[in-house]
Amino acid sequence: MTPAAPAVPAPRIAAAPISWGVCEVPGWGHQMAAARVLAEMRELGVAATEFGPDGFLPAGPAERSALLGAYGLRPVGGFVPLVLHDPGRDPIPDLERALDSFGDPGATVVLAAATGLDGYDGRPDLDAENWAALLRNLGRAAARAEARGHRATLHPHVGTVVERSAEVDRVLDGSDVPLCLDTGHLLIGGTDPLALARSAADRIAHVHLKDVDAALAAKVRAGETTYTAAVRDGVYRPLGRGDVDVAGIVGALEGAGYGGWYVLEQDTVLTDEPAPGAGPCAGVRESLAFLAALGGGPGEEGAP
(Lines give C-alpha, C1' and ligand atoms only; values in the text may rest on other atoms or scores of the structure.)
Protein backbone atom coordinates (compact mmCIF):
# COMPACT_ATOMS: atom_id res chain seq x y z
CA MET A 1 0.00 0.00 0.00
CA THR A 2 1.49 3.33 -1.05
CA PRO A 3 -0.19 6.49 0.24
CA ALA A 4 -0.84 9.13 -2.40
CA ALA A 5 -0.12 12.23 -0.33
CA PRO A 6 1.01 13.31 3.12
CA ALA A 7 -1.53 14.21 5.79
CA VAL A 8 -1.56 15.33 9.40
CA PRO A 9 -0.66 12.32 11.58
CA ALA A 10 -2.94 10.93 14.28
CA PRO A 11 -2.32 12.16 17.86
CA ARG A 12 -0.82 8.83 18.93
CA ILE A 13 2.04 8.95 16.44
CA ALA A 14 5.39 10.19 17.75
CA ALA A 15 8.86 10.60 16.29
CA ALA A 16 12.36 9.83 17.53
CA PRO A 17 15.64 11.68 16.95
CA ILE A 18 17.31 8.51 15.60
CA SER A 19 15.25 9.00 12.42
CA TRP A 20 17.37 12.13 11.95
CA GLY A 21 20.60 10.19 12.64
CA VAL A 22 20.89 11.32 16.27
CA CYS A 23 22.29 8.33 18.14
CA GLU A 24 24.04 7.43 21.39
CA VAL A 25 26.67 5.29 19.64
CA PRO A 26 30.12 6.97 19.45
CA GLY A 27 31.13 7.66 15.86
CA TRP A 28 27.66 6.82 14.51
CA GLY A 29 27.67 9.71 12.05
CA HIS A 30 26.90 13.40 11.72
CA GLN A 31 24.67 14.58 14.57
CA MET A 32 22.03 17.17 13.71
CA ALA A 33 21.24 19.86 16.29
CA ALA A 34 18.08 19.65 18.35
CA ALA A 35 16.77 22.97 17.03
CA ARG A 36 16.61 21.70 13.46
CA VAL A 37 15.31 18.22 14.33
CA LEU A 38 12.53 19.54 16.57
CA ALA A 39 11.58 22.21 14.02
CA GLU A 40 11.26 19.56 11.32
CA MET A 41 9.13 17.40 13.61
CA ARG A 42 6.85 20.39 14.18
CA GLU A 43 6.65 21.13 10.45
CA LEU A 44 5.66 17.51 9.79
CA GLY A 45 2.83 17.75 12.31
CA VAL A 46 4.23 15.15 14.70
CA ALA A 47 2.47 15.14 18.07
CA ALA A 48 5.32 14.01 20.31
CA THR A 49 8.87 12.71 20.47
CA GLU A 50 11.16 10.46 22.42
CA PHE A 51 14.06 12.24 24.12
CA GLY A 52 17.03 10.96 22.13
CA PRO A 53 20.50 10.30 23.57
CA ASP A 54 22.17 12.13 26.45
CA GLY A 55 23.15 15.63 25.40
CA PHE A 56 20.59 16.01 22.63
CA LEU A 57 18.06 17.77 24.89
CA PRO A 58 18.73 19.67 28.13
CA ALA A 59 19.32 17.39 31.12
CA GLY A 60 17.09 19.38 33.45
CA PRO A 61 13.46 18.23 33.22
CA ALA A 62 12.02 21.75 33.36
CA GLU A 63 14.33 22.99 30.61
CA ARG A 64 13.69 19.87 28.54
CA SER A 65 9.92 20.22 28.88
CA ALA A 66 10.06 23.91 28.00
CA LEU A 67 12.11 23.24 24.87
CA LEU A 68 9.78 20.52 23.62
CA GLY A 69 6.77 22.69 24.41
CA ALA A 70 8.22 25.53 22.37
CA TYR A 71 8.00 23.23 19.35
CA GLY A 72 4.53 21.96 20.24
CA LEU A 73 5.80 18.48 21.12
CA ARG A 74 4.79 16.19 23.96
CA PRO A 75 7.42 13.94 25.55
CA VAL A 76 6.71 10.21 25.35
CA GLY A 77 9.82 8.94 27.13
CA GLY A 78 13.22 7.74 26.12
CA PHE A 79 15.63 4.94 25.31
CA VAL A 80 17.72 3.82 28.30
CA PRO A 81 20.42 1.19 27.63
CA LEU A 82 21.40 -0.62 30.85
CA VAL A 83 23.76 -3.50 31.56
CA LEU A 84 21.32 -5.91 33.20
CA HIS A 85 23.08 -9.26 32.84
CA ASP A 86 26.20 -8.68 34.97
CA PRO A 87 25.70 -10.13 38.50
CA GLY A 88 28.41 -7.81 39.84
CA ARG A 89 26.95 -4.60 38.44
CA ASP A 90 23.95 -2.73 39.82
CA PRO A 91 22.04 -0.99 36.99
CA ILE A 92 19.77 1.04 39.27
CA PRO A 93 22.10 4.05 39.77
CA ASP A 94 22.39 4.43 35.98
CA LEU A 95 18.62 4.16 35.69
CA GLU A 96 18.13 6.78 38.41
CA ARG A 97 20.38 9.21 36.56
CA ALA A 98 18.35 8.73 33.38
CA LEU A 99 15.04 9.14 35.21
CA ASP A 100 16.23 12.41 36.73
CA SER A 101 15.77 13.97 33.28
CA PHE A 102 12.40 12.41 32.49
CA GLY A 103 10.35 15.00 34.34
CA ASP A 104 6.64 14.61 34.96
CA PRO A 105 5.23 11.11 35.57
CA GLY A 106 3.77 9.17 32.68
CA ALA A 107 6.72 8.69 30.34
CA THR A 108 7.78 5.33 28.92
CA VAL A 109 11.23 4.04 29.86
CA VAL A 110 12.42 2.07 26.83
CA LEU A 111 15.01 -0.25 28.33
CA ALA A 112 17.61 -2.05 26.24
CA ALA A 113 19.61 -4.92 27.71
CA ALA A 114 22.95 -3.39 26.77
CA THR A 115 26.09 -5.45 26.30
CA GLY A 116 28.44 -2.98 27.99
CA LEU A 117 30.21 -2.52 24.64
CA ASP A 118 30.03 0.50 22.36
CA GLY A 119 27.65 0.11 19.45
CA TYR A 120 25.49 -2.77 18.29
CA ASP A 121 27.87 -4.83 16.18
CA GLY A 122 28.89 -7.43 18.79
CA ARG A 123 27.43 -9.12 21.86
CA PRO A 124 28.25 -11.80 24.43
CA ASP A 125 26.50 -15.12 24.92
CA LEU A 126 24.90 -15.39 28.36
CA ASP A 127 25.14 -18.30 30.77
CA ALA A 128 22.53 -19.26 33.35
CA GLU A 129 23.94 -16.86 35.95
CA ASN A 130 23.81 -13.98 33.46
CA TRP A 131 20.22 -14.79 32.56
CA ALA A 132 19.19 -14.92 36.19
CA ALA A 133 20.78 -11.51 36.76
CA LEU A 134 19.13 -10.07 33.64
CA LEU A 135 15.63 -11.16 34.62
CA ARG A 136 16.13 -10.09 38.24
CA ASN A 137 17.51 -6.67 37.27
CA LEU A 138 14.83 -6.17 34.65
CA GLY A 139 12.18 -6.57 37.34
CA ARG A 140 14.07 -4.24 39.67
CA ALA A 141 14.41 -1.60 36.96
CA ALA A 142 10.73 -1.80 36.09
CA ALA A 143 9.75 -1.47 39.75
CA ARG A 144 12.03 1.53 40.22
CA ALA A 145 10.64 3.26 37.13
CA GLU A 146 7.10 2.62 38.36
CA ALA A 147 7.95 4.04 41.79
CA ARG A 148 8.95 7.27 40.03
CA GLY A 149 5.77 7.38 37.97
CA HIS A 150 6.99 5.90 34.69
CA ARG A 151 6.38 2.63 32.87
CA ALA A 152 9.32 0.51 31.80
CA THR A 153 9.34 -1.66 28.71
CA LEU A 154 12.09 -3.93 27.40
CA HIS A 155 13.22 -3.22 23.84
CA PRO A 156 14.56 -6.33 22.04
CA HIS A 157 17.34 -4.77 20.01
CA VAL A 158 20.04 -5.93 17.61
CA GLY A 159 23.44 -6.01 19.31
CA THR A 160 22.01 -6.34 22.83
CA VAL A 161 21.63 -9.50 24.88
CA VAL A 162 17.93 -9.72 24.03
CA GLU A 163 17.89 -9.84 20.25
CA ARG A 164 16.89 -13.27 18.96
CA SER A 165 13.53 -15.05 19.08
CA ALA A 166 14.54 -17.45 21.84
CA GLU A 167 15.74 -14.52 23.97
CA VAL A 168 12.48 -12.62 23.48
CA ASP A 169 10.56 -15.73 24.50
CA ARG A 170 12.75 -16.16 27.56
CA VAL A 171 11.96 -12.61 28.71
CA LEU A 172 8.25 -13.14 28.11
CA ASP A 173 8.29 -16.40 30.06
CA GLY A 174 10.65 -15.27 32.83
CA SER A 175 9.32 -11.81 33.66
CA ASP A 176 6.18 -9.72 33.60
CA VAL A 177 7.88 -6.62 32.16
CA PRO A 178 6.08 -5.26 29.07
CA LEU A 179 7.78 -5.07 25.68
CA CYS A 180 8.54 -2.31 23.26
CA LEU A 181 7.55 -3.87 19.94
CA ASP A 182 10.20 -2.62 17.52
CA THR A 183 9.17 -4.02 14.16
CA GLY A 184 12.64 -3.62 12.65
CA HIS A 185 14.88 -4.94 15.41
CA LEU A 186 12.57 -7.90 15.94
CA LEU A 187 12.63 -8.86 12.26
CA ILE A 188 16.40 -8.50 12.01
CA GLY A 189 16.76 -10.65 15.14
CA GLY A 190 14.59 -13.40 13.67
CA THR A 191 11.20 -12.68 15.27
CA ASP A 192 8.11 -12.14 13.13
CA PRO A 193 6.77 -8.86 14.54
CA LEU A 194 3.24 -9.52 13.25
CA ALA A 195 3.13 -12.93 14.91
CA LEU A 196 4.36 -11.37 18.18
CA ALA A 197 1.78 -8.58 17.94
CA ARG A 198 -0.91 -11.23 17.60
CA SER A 199 0.34 -13.64 20.25
CA ALA A 200 1.54 -11.23 22.94
CA ALA A 201 -0.52 -8.07 22.47
CA ASP A 202 -1.20 -7.94 26.21
CA ARG A 203 2.56 -7.59 26.85
CA ILE A 204 3.12 -4.73 24.40
CA ALA A 205 3.15 -1.26 25.95
CA HIS A 206 5.12 0.78 23.39
CA VAL A 207 5.74 0.46 19.65
CA HIS A 208 8.59 1.52 17.38
CA LEU A 209 7.47 1.33 13.75
CA LYS A 210 10.12 0.55 11.16
CA ASP A 211 10.00 -0.96 7.71
CA VAL A 212 12.88 -3.18 6.68
CA ASP A 213 14.69 -4.52 3.65
CA ALA A 214 14.41 -8.22 4.54
CA ALA A 215 17.32 -9.29 2.32
CA LEU A 216 19.71 -6.89 4.03
CA ALA A 217 18.30 -7.86 7.42
CA ALA A 218 19.08 -11.50 6.63
CA LYS A 219 22.71 -10.58 5.98
CA VAL A 220 22.93 -9.00 9.45
CA ARG A 221 21.35 -12.09 10.99
CA ALA A 222 23.80 -14.35 9.15
CA GLY A 223 26.82 -12.26 10.18
CA GLU A 224 27.56 -11.25 6.58
CA THR A 225 27.41 -7.54 7.44
CA THR A 226 27.30 -5.50 10.62
CA TYR A 227 24.25 -3.75 11.94
CA THR A 228 25.85 -0.32 11.55
CA ALA A 229 26.79 -1.04 7.94
CA ALA A 230 23.28 -2.26 7.22
CA VAL A 231 21.76 0.94 8.59
CA ARG A 232 24.18 2.95 6.47
CA ASP A 233 23.17 0.86 3.45
CA GLY A 234 19.45 1.48 3.98
CA VAL A 235 18.10 -1.53 5.87
CA TYR A 236 15.35 0.75 7.19
CA ARG A 237 12.86 2.07 4.67
CA PRO A 238 9.95 4.51 4.88
CA LEU A 239 6.83 2.68 5.99
CA GLY A 240 5.23 0.82 3.11
CA ARG A 241 8.46 0.42 1.13
CA GLY A 242 9.94 -2.57 2.94
CA ASP A 243 8.99 -6.10 3.94
CA VAL A 244 7.29 -5.53 7.30
CA ASP A 245 3.50 -5.88 7.37
CA VAL A 246 3.02 -2.57 9.14
CA ALA A 247 -0.70 -2.43 8.34
CA GLY A 248 -1.22 -5.91 9.76
CA ILE A 249 0.71 -5.07 12.93
CA VAL A 250 -1.22 -1.87 13.56
CA GLY A 251 -4.48 -3.69 12.88
CA ALA A 252 -3.60 -6.52 15.26
CA LEU A 253 -2.61 -4.15 18.06
CA GLU A 254 -5.60 -1.83 17.65
CA GLY A 255 -7.91 -4.85 17.52
CA ALA A 256 -6.44 -6.06 20.81
CA GLY A 257 -7.04 -2.70 22.48
CA TYR A 258 -3.54 -1.23 22.35
CA GLY A 259 -3.75 2.42 23.39
CA GLY A 260 -0.11 3.54 23.48
CA TRP A 261 2.23 5.38 21.18
CA TYR A 262 3.40 4.45 17.71
CA VAL A 263 6.90 5.94 17.44
CA LEU A 264 8.30 6.33 13.93
CA GLU A 265 11.89 5.09 13.89
CA GLN A 266 13.80 4.72 10.67
CA ASP A 267 17.36 4.66 12.03
CA THR A 268 19.76 6.44 9.71
CA VAL A 269 23.44 7.36 9.49
CA LEU A 270 24.32 10.80 8.12
CA THR A 271 27.67 11.84 6.71
CA ASP A 272 26.98 15.59 6.81
CA GLU A 273 24.30 18.22 7.40
CA PRO A 274 21.41 17.87 4.92
CA ALA A 275 20.43 20.85 2.81
CA PRO A 276 17.43 22.83 4.07
CA GLY A 277 14.20 20.93 3.37
CA ALA A 278 16.12 17.76 2.49
CA GLY A 279 17.45 14.78 4.39
CA PRO A 280 15.71 12.42 6.81
CA CYS A 281 12.53 14.47 7.08
CA ALA A 282 11.50 13.24 3.62
CA GLY A 283 11.40 9.63 4.81
CA VAL A 284 9.49 10.58 7.95
CA ARG A 285 6.97 12.49 5.84
CA GLU A 286 6.45 9.43 3.64
CA SER A 287 5.95 7.21 6.68
CA LEU A 288 3.42 9.63 8.16
CA ALA A 289 1.50 9.59 4.90
CA PHE A 290 1.46 5.81 4.90
CA LEU A 291 0.04 5.70 8.43
CA ALA A 292 -2.53 8.38 7.68
CA ALA A 293 -3.81 6.27 4.79
CA LEU A 294 -4.28 3.10 6.83
CA GLY A 295 -7.92 2.19 7.33
CA GLY A 296 -8.57 1.29 10.95
CA GLY A 297 -5.16 2.62 12.03
CA PRO A 298 -4.20 4.49 15.18
CA GLY A 299 -7.22 6.16 16.72
CA GLU A 300 -7.79 9.80 17.39
CA GLU A 301 -7.82 9.56 21.17
CA GLY A 302 -4.72 10.92 22.92
CA ALA A 303 -2.22 8.39 24.22
CA PRO A 304 -1.99 7.83 27.96
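The values are calculated or read from the model by the stated rules, or taken from the named source; none is laboratory data. None of the values given here were measured: they were computed from a predicted structure. No Cβ is skipped: glycine too gets one built from the backbone with ideal geometry, and neighbour counts run over all protein chains shown.
Could you tell me whether Asp182 is surrounded by fewer than 17 Cβ atoms within 10 Å (Cβ to Cβ), in contact with a strand residue (DSSP E or B) (Cβ under 9 Å, 6 or more places away or on another chain) and of a type outside the set (Val, Ile, Thr)? Can you show your working first?
Numbers: surrounded by fewer than 17 Cβ atoms within 10 Å (Cβ to Cβ): no; in contact with a strand residue (DSSP E or B) (Cβ under 9 Å, 6 or more places away or on another chain): yes; of a type outside the set (Val, Ile, Thr): yes.
When the stated conditions are applied, Asp182 does not pass them.
Quick one: which residue in Gly88, Gly77 is farther than 26 Å from Pro193 by Cβ and either outside any strand (DSSP E or B) or not polar (S, T, N, Q) (or both)?
Numbers: Gly77 fails: farther than 26 Å from Pro193 by Cβ.
Selected residue: Gly88, the only one of Gly88, Gly77 that is farther than 26 Å from Pro193 by Cβ and either outside any strand (DSSP E or B) or not polar (S, T, N, Q) (or both).
Select from region 8-56 the residues that are under 18 Å from the mean Cα position of the chain (by Cα) and of a type in the set (D, E, K, R) and write down the one among them that is modelled with the highest pLDDT.
Applying the filter and picking the extreme gives Glu50.
Pick out the one residue from Arg151, Arg144, Arg136 that is of a type in the set (Lys, Arg) and under 17 Å from the mean Cα position of the chain (by Cα). Please lay out each step first, then the result.
Values: Arg144 fails: under 17 Å from the mean Cα position of the chain (by Cα); Arg136 fails: under 17 Å from the mean Cα position of the chain (by Cα).
Result of the check over Arg151, Arg144, Arg136: Arg151.
Considering only region 116-147, state which residues are surrounded by fewer than 16 Cβ atoms within 10 Å (Cβ to Cβ), assigned to a loop (DSSP other than H, G, I, E, B) and not hydrophobic (A, V, I, L, M, F, W, C).
Once the filter is applied, which keeps residues that are surrounded by fewer than 16 Cβ atoms within 10 Å (Cβ to Cβ), assigned to a loop (DSSP other than H, G, I, E, B) and not hydrophobic (A, V, I, L, M, F, W, C), region 116-147 yields Gly116, Asp118, Gly122, Pro124, Asp125, Asp127.
Return the total of residues in region 194-210 being touching a helix residue (DSSP H, G or I) at 6+ places or on another chain (Cβ under 7 Å), surrounded by fewer than 24 Cβ atoms within 10 Å (Cβ to Cβ) and not aliphatic (A, V, I, L, M).
Number of matching residues: 2.
Please determine whether any residue of region 249-267 is over 19 Å from the mean Cα position of the chain (by Cα), assigned to a loop (DSSP other than H, G, I, E, B) and closer than 22 Å to Leu291 by Cα.
Looking through region 249-267, at least one residue is over 19 Å from the mean Cα position of the chain (by Cα), assigned to a loop (DSSP other than H, G, I, E, B) and closer than 22 Å to Leu291 by Cα.
Any idea which residue in region 230-248 is farthest from Ser19 (Cα to Cα), counting only those that are of a type outside the set (A, V, I, L, M, F, W, C) and part of a helix (DSSP H, G or I)?
This residue is Gly248.
Among the residues of region 116-134, count how many are closer than 12 Å to Pro91 by Cα and at pLDDT 95 or above. Before the answer, list the steps.
Our first condition is that a residue be closer than 12 Å to Pro91 by Cα; within region 116-134, this holds for 116, 133-134.
Those still in the list that are at pLDDT 95 or above too: 133-134.
Total meeting the criteria: 2.
Regarding region 58-65, can at least one residue be identified that is within 24 Å of His157 (Cβ to Cβ), without any contact (Cβ under 8 Å) to a residue 60 or more places away in the chain, exposed (fewer than 15 other Cβ atoms within 10 Å of the Cβ) and not β-branched (Val, Ile, Thr)? Don't jump to the end; show me each part of the working.
Pass one, region 58-65, residues within 24 Å of His157 (Cβ to Cβ): 59, 64.
With without any contact (Cβ under 8 Å) to a residue 60 or more places away in the chain added as a condition, the list becomes 59, 64.
Remaining after also requiring exposed (fewer than 15 other Cβ atoms within 10 Å of the Cβ): 59.
Applying the additional criterion that residues be not β-branched (Val, Ile, Thr) yields 59.
Checked region 58-65: at least one residue is within 24 Å of His157 (Cβ to Cβ), without any contact (Cβ under 8 Å) to a residue 60 or more places away in the chain, exposed (fewer than 15 other Cβ atoms within 10 Å of the Cβ) and not β-branched (Val, Ile, Thr).
Count, please, the residues in region 28-74 that happen to be part of a helix (DSSP H, G or I) and small (Gly, Ala, Ser). Before you say what the answer is, go through the steps one by one.
Applying the first criterion (part of a helix (DSSP H, G or I)) to region 28-74 yields 34-44, 61-70.
Filter once more, keeping what is small (Gly, Ala, Ser): 34-35, 39, 62, 65-66, 69-70.
Within region 28-74, residues that are part of a helix (DSSP H, G or I) and small (Gly, Ala, Ser) number 8.
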